[in-house]
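**Q** Handing you a structure now.
The values are calculated or read from the model by the stated rules, or taken from the named source; none is laboratory data. Fair warning: this is a prediction, and the values are worked out from it, not measured in the lab. Glycine also receives a Cβ, built like all others from the backbone with ideal geometry; neighbour counts cover every protein chain displayed.
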Amino acid sequence: MPSIVLYQPQIPPNTGNVARTCAATDTELHLVEPLGFQINDRQLKRAGLDYWPLVSLVRHGSWDAFLNHRNSKGGRLIALSSHGGESYCDWLFGPEDWLLFGRESDGLPATVLSGADAILAIPMARTARATQPGVRSLNLSVAVGVVLFEALRQQDLLTLPGSPTSTGIRAAR
């Protein structure tokens with residue numbers, strides 16, 4: 001199962017929404033400090049609703065601490081960035097992938113991107129609105145959901161609520 005990694009997230013509701021998505025998908029959530037909020041922030045807890053006990057949350061005191069953890073576990077580090085050269089839609093995700101997302105204000109720094117095994121982007125619509133310079137990327141929690149569900153779909157790891165079997169929706173590759 002892939003893991004979600006948020007690099008120094010800044011906005012509590014975004015992280016709370018991501019935590020709820022991780023609870024719903026049984027996906028481990030890694031937070032790389034420093035965070036832009038306290039972990040007991042009211043908005044963070046509110047966005048995650050009563051799903052916090054279901055979240056497998058791992059906090060890392062620094063980027064180096066996360067890298068040490070990841071290196072001990074193995075797997076590919078897949079960065080998502082508006083500067084990515086390949087679409088996540090064209091990527092074949094694996095069960096040991098670490099899906100890395102950056103800060104809401106400025107994404108992932110070059111030093112972090114340079115250590116990634118791949119840098120992917122989420123394509124934007126070709127409308128005039130989406131190509132305006134002010135629309136650079138999606139909201140963090142939306143981006144996580146889009147990419148995570150594609151990774152899970154490709155690995156046939158999704159089930160409908162109340163159903164013990166998968167949806168059977170696999171990647172057509």
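**Q** Cβ-Cβ distance below 8 Å, separation of 6 or more or different chains: which pairs start in the stretch 60-79 with a residue that is farther than 23 Å from Leu92 by Cα and end on one that is in a loop (DSSP other than H, G, I, E, B)?
**A** Sorted first by the residue in the stretch 60-79, then by its partner, the pairs are His60/Glu33; Gly61/Glu33; Ser62/Glu33.
**Q** Need pairs with beta-carbon distance below 8 Å; first residue more than 16 Å from Arg20 (Cα to Cα) and surrounded by 17 or more Cβ atoms within 10 Å (Cβ to Cβ) and within the stretch 145-162, second at pLDDT 90 or above and of a type in the set (Lys, Arg); sequence gap 6+ or separate chains.
**A** none
**Q** Go through the stretch 20-41 and give me each residue that's in a loop (DSSP other than H, G, I, E, B), touching a residue at least 60 places away in the same chain (Cβ under 8 Å) and within 19 Å of Leu77 (Cα to Cα). Quick ask: steps written out before the conclusion?
**A** Step one: filter the stretch 20-41 for residues in a loop (DSSP other than H, G, I, E, B), giving 26-28, 33-41.
Okay, now just the ones that are also touching a residue at least 60 places away in the same chain (Cβ under 8 Å), so 27, 36.
The answer is Thr27, and nothing else.
**Q** How about the stretch 10-26: which of its residues are surrounded by 18 or more Cβ atoms within 10 Å (Cβ to Cβ) and of a type in the set (Gly, Ala, Ser)?
**A** Across the stretch 10-26, the qualifying residues are Gly16, Ala19, Ala23.
**Q** What number of residues within the stretch 101-118 satisfy the criterion of being within 13 Å of Leu67 (Cβ to Cβ) and hydroxyl-bearing (Ser, Thr, Tyr)? Before the answer, list the steps.
**A** Start the filter on the stretch 101-118 by keeping residues that are within 13 Å of Leu67 (Cβ to Cβ), which leaves 111-112, 114-117.
Those still in the list that are hydroxyl-bearing (Ser, Thr, Tyr) too: 111, 114.
Residues meeting the conditions: 2.
**Q** Here's another thing I want to ask about it. Out of all the residues in the stretch 31-44, is one or more in contact with a strand residue (DSSP E or B) (Cβ under 7 Å, 6 or more places away or on another chain) and buried (at least 20 other Cβ atoms within 10 Å of the Cβ)?
**A** Yes - at least one qualifying residue is present in the stretch 31-44.
**Q** Right, next: Does Ala121 meet the test of being loosely packed, with under 15 Cβ neighbours inside 10 Å, modelled with pLDDT under 95 and farther than 16 Å from Trp63 by Cβ?
**A** No: the conditions fail for Ala121.
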